[in-house]
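Every number here is computed from the coordinates shown, using simple stated rules; none is lab data. Just so we're clear, the structure is a prediction, and the values are computed from it rather than from any experiment. Backbone-built Cβ (ideal geometry, glycine too); neighbour counts: all protein chains shown.
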Amino acid sequence: MERTFAIIKPDAVERGLSGKIITKIEEAGFAIVGMKKIHLSRAQAEGFYYVHKERPFFNDLCSFMSRSPVIVLCLQKENAIADWRTLMGATNPANAEPGTIRKEFAKNIEENSSHGSDAPETAAFEIPYFFNSFELVG
Ligand code: RTP
Ligand code: MG
């Protein structure tokens, strides 16, 4: 069993899409081992996305991610990291496969409705960034 970290981003929470996205998560066979709604501070967003700090979109990305609440989740299944990224679809919704979260719900390449860890080392940083061990069940 593998764990990954997911975020339902502000654009999706604002439009009332959280339930539809959680349904997709459960129908795809992920166990939700942690979930909470939080409003990121700008500093928390910057810390979370520190790997992108030299990228041209970093400032806008941190503003977006801290403008309204998000839902953070820890998801578990076999091959969870790759399977969650497949279910999300490509970063740019224009390139995302039909049936993926980003194809169905994302507004554009930045406001793309969801986040997923991209590797085991990333998940190992991201999960404890938001959850302590008492908040992960199952
Ligand atoms: P994420 O980390 O959120 O799961 O997304 P990702 O791996 O598919 O994409 P990544 O390259 O890690 O970029 C992180 C997030 O930054 C925003 N972005 N904006 N304006 C742009 O060109 C641009 N490129 C990326 C997106 O919100 C992207 O998910
Ligand atoms: Mg990424």
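Annotations
- Loop-exposed GluC sites (Glu not before Pro) per DSSP, neighbour cap 11 Cβ within 10 angstrom, longest uninterrupted part of the chain: 79-138
- Among VAL13, VAL51, ALA28 - extreme Cα towards positive end, dipole of segment 10-54, charges at beta-carbon: VAL13
- The alpha-carbon atoms of segment 40-92 define a convex hull whose volume equals 107 cubic angstrom per residue.
- Measuring between their Cα centroids, segment 15-44 and segment 48-105 lie 11 Å from each other.
- Backbone geometry of segment 82-91 corresponds, through the Karplus equation with coefficients 6.51, -1.76 and 1.60 at θ = phi - 60°, to 3J(HN,Hα) couplings of 5, 5, 5, 5, 5, 5, 5, x, 4, 3 Hz, x marking Gly and Pro.
- For segment 25-31, Karplus couplings with θ = phi - 60° (6.51, -1.76, 1.60), whole Hz, Gly/Pro x: 4, 5, 5, 7, x, 7, 8
- Selected from PRO56, PRO120, PRO128 as most flexible by GNM, with the chain as the system and alpha-carbon contacts under 10 Å: PRO56
- Sorted by Cβ neighbour density within 10 Å, fewest at the top, the residues ASP83, ASP60, ASP11: ASP60, ASP83, ASP11
- The modelled label-to-label distance for the pair SER133/GLU110, using points 7 Å beyond Cα in the direction of Cβ, is 4.0 nm.
- Annotation: Cα Rg of segment 1-69 relative to the compact-globule expectation 2.2 N^0.38 Å equals 1.24.
- Over segment 2-130, volume per residue of the alpha carbon convex hull, in Å³: 95 Å³
- 10 Å Cβ shell holding at most 13 others, DSSP loop, trypsin sites (Lys or Arg not before Pro): longest site-free stretch of the chain: 54-138
- Computed FRET value (nearest 0.05) for ARG67 with LYS37, which takes r as the C-beta separation and R₀ as 22 Å: 0.90
- Phi-derived couplings, Karplus 6.51 cos²θ - 1.76 cosθ + 1.60 at θ = phi - 60°, listed residue by residue for segment 42-50: 4, 5, 5, 5, 5, x, 5, 9, 4 Hz, with x used for Gly and Pro.
- Taken about its Cα centre, segment 2-130 carries a charge dipole of about 360 debye when Lys and Arg each add +1 at the Cβ and Asp and Glu each add -1 at the Cβ.
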